[in-house]
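First the structure, in the form of structure tokens, and then the observations on it.
The values are calculated or read from the model by the stated rules, or taken from the named source; none is laboratory data. Predicted model, so just to flag it, every value in this text is computed and none were measured. Here the Cβ is made from the backbone with ideal geometry for all residues, glycine too, and neighbour counts use every protein chain on show.
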Amino acid sequence: MEDQKTVLSCIQPTGDVHIGNYFGAIRNWVDLQDKYKCFYGVVDYHAMTMPYDPKKLKENTWNLIINLMAMGVKTENLFIQSMIPEHAELSWIFNCFCGYGRLSQMTQFKDKSKDSSEKADGFISAGLFDYPVLQAADILIYKADFVPVGKDQEQHLELSRSIAQRFNLQMKKEYFVMPETLHTKTAKVMSTADPTRKMSKSAGEKHYISMFSDPSRILKQIKSAVTDTGDSDGSTMSAGVENLFSILAACGAMDQHKTLMDQFEAGSLKYAELKGETGDALVKLLAPIQAKRAELLTNKKEVKSQIKYSSSVIRKRAQETLKEVKDIAGLSNVKF
Ligand code: AMP
Ligand code: TRP
């Protein structure tokens with residue numbers, strides 16, 4: 001156990017979870033729990049970087065906790081970021097080891113600030129700019145060896161490493177180990193309404209399939225999935241058909257996948273059949289997850305006390321790191 005490597009990943013509490021989030025990220029989190037010491041955070045401090053509604057933030061945070069538990073993330077690995085204020089304190093310290101110029105290069109900041117500046121009051125918070133430094137604190141406070149994230153987060157990971165390096169160099173102590181991105185083969189799920197774009201919530205309701213929709217809605221969404229995107233001449237596979245095959249495989253329905261793929265190659269595939277099998281496989285896969293969520297929802301009080309406990313245990317590790325960092329950095333540690 002002592003030698004076990006540490007994995008950390010976090011997710012922002014923004015409403016619903018869709019099958020793209022599950023197949024592309026959360027299921028991987030669940031699998032990693034068997035092999036590594038895992039820490040998974042619901043990062044509510046990060047969700048404040050854009051204008052938001054406080055009531056909704058709290059609601060989304062707890063809903064996401066319940067959803068993650070329903071999908072198989074172990075309670076003892078879960079924490080809520082604002083329950084561990086040491087993240088914010090370390091992020092201040094890291095601010096002083098992060099170049100302003102380097103932060104200005106972050107593409108996520110450029111994209112999001114561009115979106116915001118086009119909105120009514122054009123407000124862009126300093127928090128949005130500083131967001132990657134808080135992310136570095138999330139990672140380094142647990143001395144994570146591996147961080148499973150998608151490609152879009154690679155730049156933030158590099159920044160975390162450069163903050164760790166600068167800290168080590170300036171403090172003349174090899175304290176932080178460099179966190180690595182954990183690349184795992186996961187499915188990229190496309191929108192069923194427009195299979196040329198990634199499934200996402202921001203595109204609107206018809207573009208994503210929620211993990212917790214009722215089966216009739218899921219079947220309907222798959223049934224109406226766009227298959228003819230004009231990018232196929234019948235011999236090559238269109239993006240929509242490819243997406244359905246990939247969802248079918250992600251559900252583990254490999255027998256059906258093979259049969260239908262053979263039919264595709266023979267030129268006899270009926271899209272209605274592919275949709276029928278994919279819809280059924282998805283509903284079957286989601287049934288126990290949905291049942292687990294329903295059960296957790298009847299016991300919110302218990303969930304809250306479990307998460308308070310797991311966050312308090314995880315916090316101890318964060319406190320240890322922060323104490324060491326403050327000692328190294330010439331700050332005053334005191335126990336009142
Ligand atoms: P988001 O809420 O978009 O930041 O996504 C949370 C996690 O789900 C990230 O790790 C994403 O890489 C992953 N994810 C989001 N959308 C998809 C998708 N359509 N296919 C695969 N993975 C996705
Ligand atoms: N920035 C990540 C995202 O937008 C979320 C995140 C915050 C994160 N802190 C993290 C991911 C630490 C990995 C590790 O998806």
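With respect to the stated conditions, Ser82 fails to be of a type outside the set (Lys, Arg), exposed (fewer than 14 other Cβ atoms within 10 Å of the Cβ) and away from ligand 1 (no atom under 16 Å from the Cβ). If only residues of the stretch 181-203 that are among the basic types (Lys, Arg) and part of a loop (DSSP other than H, G, I, E, B) are counted, the one that is farthest from the chain's Cα centre (by Cα) is Arg197. Among all residues of the stretch 77-84, there is at least one that is within 15 Å of ligand 2 (Cβ to nearest atom), in a helix (DSSP H, G or I) and touching a Cys at 6+ places or on another chain (Cβ under 6 Å).
Only one entry in Gly41, Gly20, Gly15 is in the same structural domain as Ile139 (by TED's automatic domain parsing) and in a loop (DSSP other than H, G, I, E, B), namely Gly15.
State yes or no: is Lys55 more than 22 Å from Phe146 (Cα to Cα), more than 13 Å from ligand 1 (Cβ to nearest atom), not assigned by TED's automatic domain parsing to the domain that holds Gln221 and not hydrophobic (A, V, I, L, M, F, W, C)?
On the way: more than 22 Å from Phe146 (Cα to Cα): yes; more than 13 Å from ligand 1 (Cβ to nearest atom): yes; not assigned by TED's automatic domain parsing to the domain that holds Gln221: yes; not hydrophobic (A, V, I, L, M, F, W, C): yes.
Here the answer is yes, as Lys55 does meet what is asked.
Residue under question is Leu159, and the condition is that it be under 20 Å from the mean Cα position of the chain (by Cα), surrounded by 14 or more Cβ atoms within 10 Å (Cβ to Cβ), more than 30 Å from Tyr309 (Cα to Cα) and at pLDDT 95 or above; does it hold?
Numbers: under 20 Å from the mean Cα position of the chain (by Cα): yes; surrounded by 14 or more Cβ atoms within 10 Å (Cβ to Cβ): yes; more than 30 Å from Tyr309 (Cα to Cα): yes; at pLDDT 95 or above: yes.
Here the answer is yes, as Leu159 does meet what is asked.
Screening Asp34 on (1) within 13 Å of ligand 2 (Cβ to nearest atom); (2) surrounded by fewer than 16 Cβ atoms within 10 Å (Cβ to Cβ); (3) not β-branched (Val, Ile, Thr) shows it passes everything except condition (1).
Taking the stretch 4-26 only, how many residues are near ligand 1 (Cβ under 10 Å from one of its atoms) and in contact (Cβ under 8 Å) with a residue 60 or more places away in the chain?
Number satisfying all stated conditions: 14.
Do you know which of the residues in the stretch 138-176 that are closer than 18 Å to Cys38 by Cβ and in a helix (DSSP H, G or I) is farthest from ligand 1 (Cβ to nearest atom)? Per the stated criteria, the residue is Leu140. Among the conditions (1) surrounded by 15 or more Cβ atoms within 10 Å (Cβ to Cβ); (2) closer than 23 Å to Phe123 by Cβ; (3) more than 11 Å from ligand 1 (Cβ to nearest atom), the only one that Val43 does not satisfy is (3).
Listed conditions (1) within 16 Å of ligand 2 (Cβ to nearest atom); (2) at pLDDT below 95; (3) not aromatic (Phe, Trp, Tyr) are all met by Leu140, apart from (2). Of the residues examined, Met211 is not one that is aliphatic (A, V, I, L, M), surrounded by fewer than 17 Cβ atoms within 10 Å (Cβ to Cβ) and modelled with pLDDT of 95 or more. Pick out the one residue from Lys206, Lys292, Lys304 that is in a helix (DSSP H, G or I), within 30 Å of Trp62 (Cα to Cα) and modelled with pLDDT under 95. The unique qualifying residue is Lys206.
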